[in-house]
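Below: one structure, written as structure tokens.
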Amino acid sequence: MTKHHVTTTVNGDAVEFLCEAHETLLEVLRDGLGLTGTKEGCGTGDCGACSVTIDGRVVCSCLVLGVEAEGKAIQTIEGMAAGTRLHPLQRKFLEHAGLQCGICTPGILVAARSLLERNPDPTEEEVRYWLAGNLCRCTGYNKIIDAVLDAAREMRGADHA
Amino acid sequence: MPDTMTFTKKELRVVGTRPVRPDGVPKVTGLARFGADYSLPGMLWGRILRSPHAHARIRSIDTSKAQALRGVKAVMTSADLPEQKFEYVGPERVAVNFWHMTRSVMAREKVLFEGHPVAAVAATSKTIAEEALGLIEVDYEVLPHVIDVEDAMKPDAPLLFEDMITRGIEPAPDRPSNISKRIELKIGDVEAGFAAADEIVESSFKTAPVHQGYIEPQACLARFDTDGQAELWASSQGHFVIRALSARLLGMDIGNLRVYPAEIGGGFGGKNVPYVEPVALVLARKSGHPVKIVLSREEVFKGCGPAAGSIMTVKIGIKKDGRIVAAAGVFKFQAGAVPGSPVMNACMCAFSPYDIPNVRSVGYDVVSNRPKTAAYRAPGSPISAYAVESVIDMAAARISMDPLQFRLKNVAKPGTPTVWGPKHAHEGFAETIRALMQHPAYTTPLNKNQGRGVAAGYWFNNGGESSAAVHINEDGTVLVATGSSDLSGTRASLAMMAAETLGVEFDKVRPTVADTASIGYGHLSAGSRTTFATGIAVVEACKKVIGNLCARAAMIWDVNAEDVVWDGGCARYTGKKSGEFEPLSLKAIAVKKSVTGGPIVAEVSVNAGGVAPGFAAELCDVEVDPETGAVKVLRFVTAQDVGRAIHPSYVEGQLQGGAAQGIGWALNEEYIYDEAGRLTNAGFLDYRVPVASDLPRIETVLVEVPNPNHPFGVKGVGEANIVPSLAAVANAVSRAIGQRMTELPMSPPKILKAMNGGR
């Protein structure tokens, strides 16, 4: 089977990889590049655990082919903290107990960051609808919503400073 | 509220606060390693071939073509697993039969459900493994199948096991059936009780099987050396149990298998038993390579036990003043393909919240052509509570009594007999109902098409076997290792109890979940037992360490050890000897460890008794759309007696999570089969768990009636919260539409039908 050569950017770094035509971006990230922070919960785009951004847009990486990464900018959970400094969303998830088992957390953080980039001051309802594609079975979502709203508050304050 | 715990004398410094969990950062950066995140050099990918039929005899399996495919390193069938003895072992409530278990892992004579594993391969890539599955030729003789529990109980039903004689009936039936077991529990004289009742309320109910819905599919990595020693990295609710069951199923020594606990991405009871681990171990043994297996979501739905579905009838008799004088329930549970539904739990828990003099619970454990059921959060109890709490609601309405007042009037107290024998021994039920009655939500007015439901529920909680080791490092920092899988924050709660006991700061304590070769046995993280039972082990180990620290301080001071006490994180001299005895901190003693006796370590194993049950009471407001039958949950309040909340945020999270799962169970979730006995909704698109926009905020009330048998008063918190949820939602919907809903899930078509008088 011929493999395709793909040149892309992952978390700001230039990356090249070989993949088969049918391999998903999720498989490439996890099995090829060793970036296992992106999780597979369903493989059918229903749970959001594999959320990453491509050129700033949230996608389920299980529904994207690896070859589609060519020339794109991919952001995964591994690129969310700035070096040793956690993103405010990451910090607020810890402070608000926004995770229990933690398997859905990377996908939810990636999706929530994308929301706050578009809408720095979302209502609770807007957060709930934005995250409706990210399943969490542990928390009942309360503390996730609290964490996102609190991170938004803090980030708005930081912008004004 | 009486407070009898040991630690009450002084102010708690750590317990009851909300520190960031010690395992938190890797979980927000993506670095935490879950079951699917491990790999080894030379690793192969394992895949499982599953039955396309609901019920068929396996005439033959030809694996030769698969074996010949380039890149395939091993193919296995049930022939690679030793036959097991047919016997039920362990306590009756949770008995297992390895003859059945090995057949659940890999089919032998027959496939018993669609998705039943029949063979497995290990190959150098996922693609090759998948291709190899297609080359395995299985010759099936398709048999008639049966899916629903009442059909399965009929005398002419297709039999899953041609020699299954129902247990629990005297004399034993002379014909085989799909009824594995009949259970009857009773106290008092039920017939006399009903005869003395002023009002009798009776109704029948049906619930669909629902899946635990953990977001992480089962996954593991196994390696097996030619000397017979093996290692396994697995996501489970108990790596010691996975070790024991896998070793048994492979016929290997437990000592030859070391299991490392991966982070677990949700379990809820569904990861108590092995599915992929024995398969990966056999493939690793046969191939000589490490083998990784990660299930797909479809495989999880089709192959890894949902909770049981049921058909139930409940009848209660009451006096005009609201006293319940008799209760009877018949609970028929789907076990799935092999025996072992939680019907006994259902029978035991059903009427447990109440003081009823005459009770009879009858249960049937019934096999049918579905995947074997697995535990799901208070297994059995939410199902029987749905029926009982619905009938309780009808009874309260019959005599125009407030539904919570009705429950409070009949609530069980210490001394109230249970249907299985012992008397209730703990407070907390009445306090929890009162807490809900006092919540402002209970008196908020409702609008048109809206309804309010309440319900209560009981769960045993568990104690049992746990181990913990406490190591004092030479700089005064503390390691706490336990053998208990951390599902949702127990490393935090255990470290908090250690910090509190030792008198050190929380961030000086580092908790870990140790592998099976590094700590004594720990049973499953199930039954809401970890913070309770493993917590006792941790506190006992800390106390042992404190004794050791005091002895070392006495040595440094050259005084009698009995004159040294541990207080505020320091050894203090209390004797009469004159001289300077500045208190010695843990750190001050730790730095001198080498000259005072060497390493400071204590390991303690316990078989914790003194369990206090969980009790929850919940309120749900809904609005039903009369055009579509869709239900919107407007408000949900969950009150639970938690004993004492060690980390209140994580305790609240347990209550919220349980309620959310209960709402899904009540409104959306179900296994749907086609005529051929195939599951038609094996994915999260068609099997719909609640998403963020489906739910309101879930309000929590932590009732704290401490358990006197735990050093910090802990009662289990993980499960009781889901017990009332189904009924709370059902009672709310029934009040909103003025029709009693007797079938779950209450999907829009069913509600519309009820609103239109059955049409």
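Under the convention that each Lys and Arg Cβ holds +1 and each Asp and Glu Cβ holds -1, the size of the dipole of chain B around its Cα centre is about 400 debye. Other residues lying with their Cβ under 13 Å from the Cβ of residue B:393 contribute a combined charge of +2, Lys and Arg counting +1, Asp and Glu -1. Around the amide H of residue B:325, modelled in the peptide plane, lie the amide H atoms of B:317, B:318, B:319, all under 5 Å away and 5 or more residues distant in sequence or on another chain. Considering only Cα atoms, the convex hull volume of segment A:88-160 works out to 72 Å³ per residue. Straight-distance candidates among the lysines for linking to residue A:92, with alpha-carbon spacing under 18 Å and chain neighbours fewer than 8 residues away dropped: A:143, B:27. Atom-type composition of the exposed protein surface of chain B places 51 percent of the accessible area on carbon and sulfur (1.4 angstrom probe). Here segment B:50-173 is treated with +1 on each Lys and Arg Cβ and -1 on each Asp and Glu Cβ, and its dipole about the Cα centre works out to around 580 debye. When each full DSSP H helix of chain A is screened for a Cα extent of at least 27 Å along its own axis and an average Kyte-Doolittle hydropathy of at least -1.0, the helices passing are A:142-160. All C-alpha pair distances within segment A:4-79, sorted into 10 Å bins from zero, spread as 22, 61, 16 percent across the bins. Per-residue shielding of B:209-216, expressed as the average number of other chain Cβ atoms within 10 Å of the residue Cβ, stands at 5.
With Cα atoms as the point set, segment B:110-251 shows a radius of gyration and Dmax of 23.3, 73 Å. Cα centroids of segment A:72-140 and segment B:482-504: 26 Å apart.
Among the listed pairs A:39/B:632; B:65/B:85; B:181/B:753; A:3/A:72, which are separated by more than 26 Å between their Cα atoms? A:39/B:632; B:65/B:85; B:181/B:753, as the Cα separations exceed 26 Å there.
Using helices alone, I'd like the mean residue ellipticity at 222 nm for chain A: each DSSP H run of four-plus residues gives -39500 (n - 2.57), total over residue count, nearest 500.
Calculated at 222 nm, the ellipticity per residue is -9500 deg cm²/dmol.
Placing +1 on the Cβ of every Lys and Arg and -1 on the Cβ of every Asp and Glu, with nothing else charged, gives the protein assembly as shown a dipole about its Cα centre of roughly 1020 debye. When peptides B:417-425, B:484-492 are sorted by average Cβ neighbour count within 10 Å, with the highest value leading, the order is B:484-492, B:417-425. Overall, the ratio between the Cα radius of gyration of chain B and 2.2 N^0.38 Å, rounded to two decimals, is 1.00. Partner shielding of A:140-149 amounts to 6, given as the average count of beta-carbon atoms from other chains within 10 Å of each residue beta-carbon.
Using a/c under 1.5 as the rounded threshold, could you call the protein assembly as shown rounded, prolate or oblate? The axes a ≥ b ≥ c are square roots of the C-alpha gyration tensor eigenvalues, and prolate needs a/b larger than b/c, oblate otherwise. Note, shape of the protein assembly as shown comes out rounded. Here's the picture: charge each Lys and Arg Cβ at +1 and each Asp and Glu Cβ at -1 in the protein assembly as shown, and of B:744, B:267, B:411 the one pushed furthest to the positive end of that dipole is B:411.
Neighbours of residue B:683 by Cβ distance under 12 Å: Lys/Arg scored +1, Asp/Glu scored -1, total -1. Considering protein heavy atoms only and a 1.4 Å probe radius, which residues within segment A:24-47 exhibit an accessible-area decrease of no less than 10 Å² in the full assembly relative to the chain by itself? With the partner chains in place, segment A:24-47 has these residues losing at least 10 Å²: A:27, A:30, A:31, A:36, A:37, A:39, A:40, A:41, A:42, A:46, A:47. Burial of accessible area (probe 1.4 Å, heavy atoms of protein chains only) in segment B:124-157, relative to its chain alone, reaches at least 40 Å² for B:126, B:127.
Each 10 Å bin from 0 upward holds the following percent of the Cα-Cα pairs of segment B:123-178: 19, 29, 18, 19, 13, 2. Taking amide H as placed 1.01 Å from N in the peptide plane, residue A:52 has its amide H under 5 Å from the amide H of A:59, A:61, each at least 5 places away in sequence or on another chain.
In terms of packing, defined here as the mean over residues of other Cβ atoms within 10 angstrom, the peptides B:428-441, B:367-380, B:164-177, B:516-529 line up highest first as B:367-380, B:516-529, B:428-441, B:164-177.
Projecting the Cα positions of B:581, B:594, B:550 onto the charge dipole of segment B:547-606 (unit charges on Cβ atoms of Lys, Arg, Asp and Glu, taken about the Cα centre) puts B:594 furthest along the positive direction. Take the accessible area of chain A alone and of chain B alone, subtract that of the pair, and you get about 4000 Å² summed over both chains, using a 1.4 Å probe.
Highest mean packing first, where packing is the average number of other Cβ atoms within 10 Å per residue, the peptides B:101-110, B:727-736, A:79-88, B:16-25 line up as B:727-736, B:101-110, B:16-25, A:79-88.
Take chain B with all the other protein chains still there, run a 1.4 Å probe, and you get 35 Å² of accessible area per residue. Can you tally the net charge around residue B:611? Count Lys and Arg as +1, Asp and Glu as -1, for every other residue whose Cβ sits under 9 Å from the Cβ of residue B:611. Summing Lys and Arg as +1 and Asp and Glu as -1 gives +2. In segment A:88-160, what percent of the accessible surface is made up of carbon and sulfur (1.4 Å probe, ligands and nucleic acids excluded)? Using a 1.4 Å probe with all protein chains present, segment A:88-160 comes out at 50 percent carbon and sulfur. Per residue of chain B, the DSSP helices (runs of n ≥ 4 H) give a summed -39500 (n - 2.57) that works out to -7500 deg cm²/dmol at 222 nm.
Per residue, how much accessible surface does segment A:4-79 expose to a 1.4 Å probe? Answer in Å², no decimals.
Ligands and nucleic acids excluded, the result is 39 Å² per residue.
Among A:45, A:133, A:34, whose mean-square fluctuation peaks in a Gaussian network model of chain A (Cα, cutoff 10 Å)? Maximum among the listed residues: A:34.
The values are calculated or read from the model by the stated rules, or taken from the named source; none is laboratory data. Everything numeric in this text was worked out from a predicted model, so none of it was measured. With ideal geometry, Cβ positions are generated from the backbone for all residues, glycine too; neighbour counts draw on all protein chains shown. Ligands, DNA and RNA are stripped out before the accessible areas are found, and what is left, the full protein with its side chains, is counted by its heavy atoms. Shrake-Rupley method; radii C 1.70, N 1.55, O 1.52, S 1.80 Å.
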